[in-house]
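Read-outs: derived from the displayed coordinates by stated rules, not from any lab. Worth saying up front: this structure is predicted, and the values here are computed from it rather than measured. Backbone-built Cβ (ideal geometry, glycine too); neighbour counts: all protein chains shown.
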Amino acid sequence: MNSTDPARRAEPISAVFMQDISAYTGPLLAGWVEAGNHIGAIVVPGFRRRPTGFSIGNFRRRLKRKLLLRRYLGLGNARVKLIEFGRPYDWGELDRQLSEVTADVLICHAFPALIPQDLLGRFPKGGLNLHPALLPNYRGPHPLHRLAVDGQHAVHGGVTLHKMSAGFDDGDIIGQVPFPKPTGCRNGAWSMERRPRCGCW
C-alpha cells in the first residue's frame, strides 16, 4: 500500500455508540474497530431497578453484555466504557458522563427518543443514526412494528444511514440498503415470522 492510498490517509475516528449490545449489533461494533476506529463509550439501555437495589436478572444481563463485547471486540477492546441510560431520561446526567469521553461522532441505533441538540453539539462531527426503514418513509420510533402492521417490509423495509438533526429522522440521508425480498412474499406483504430483528430499547 503506497502513501497515496485513501485508507492510509484517513484518520481514525472515535465514536460514542448509543445502542444495546447483542448478536445483531455486535458485528457493527466489530466492523468499526476493524476499520481502525475507536469506541469512546457505548450508551446502553438502563434496567429497571428493584427496591432492594440488586437484581440477579440485571446482573446476568450486564454479564451477557460484557461477554458479547469480548466476543466481538476481543480482549484488547472489550473494556469499553458502558453508560446505562434508561427512562426517565436524564439528559443532563448523560451529558455529564459523556464529558469524560473524547469522541468525534455519536452513532445511534434503535434509540426511541429525539437526541437534544445540546448533546449533539458535544460531538465535532455531529450525530449519525441507523434507521431500520427506507426514509423518508416510516420516520420516528419503532418503524419495524409499523412496517409489520402495514405489511410494507418488502416496499419500505431497509436501513438508512442519515445525519441527526433537530427533527425525527429528517437529517440528510447518507446511504440506504433495502431488505432483500423474502421468498413467498406476495403483493408487498411480509409475514411476522419473517420480519427482521434488531436490538431495540
Using alpha carbon centers only, the range 102-165 is separated from the range 10-45 by a whole-angstrom value of 16
With label points set 7 Å from each Cα along the Cα-to-Cβ direction at Asp170 and Leu63, the distance between them in nm comes to 4.7
In order over the range 93-107: 3J(HN,Hα) from phi, Karplus 6.51/-1.76/1.60, θ = phi - 60°, whole Hz, x for each Gly or Pro, gives 5, 5, 4, 5, 5, 6, 5, 8, 10, 9, 8, 8, 8, 9, 10
Here the tail fraction of P(r) beyond 11 Å, over all Cα-Cα pairs of the range 121-168, rounds in percent to 67
Here, GluC sites (Glu not before Pro) of the range 46-145 satisfying both criteria (DSSP loop; at most 14 other Cβ within 10 Å) are Glu100
Stretched fully, the stretch from Arg70 through Gln97 gains (0.36 nm per residue minus C-alpha distance, one decimal, in nm) 7.4 nm
Whole-Hz Karplus couplings 3J(HN,Hα) for the range 115-128, θ = phi - 60° and coefficients 6.51, -1.76, 1.60, Gly and Pro as x, run 7, x, 4, 4, 6, 4, x, 6, 9, x, 9, x, x, 10
In order over the range 73-79: 3J(HN,Hα) from phi, Karplus 6.51/-1.76/1.60, θ = phi - 60°, whole Hz, x for each Gly or Pro, gives 9, x, 4, x, 10, 6, 8
Looking only at aspartates and glutamates whose Cα falls under 12 Å of Lys66's and that sit 8 or more positions away or on another chain, we get Asp20
Residues meeting the amide H criterion for Ala133 (H placed from the backbone, H to H distance under 5 Å, 5 or more places apart or on another chain) are Gly158, Thr160
Expressed in angstrom and ordered largest first, the alpha-carbon extents of the range 9-125 along the principal axes are 53, 34, 23
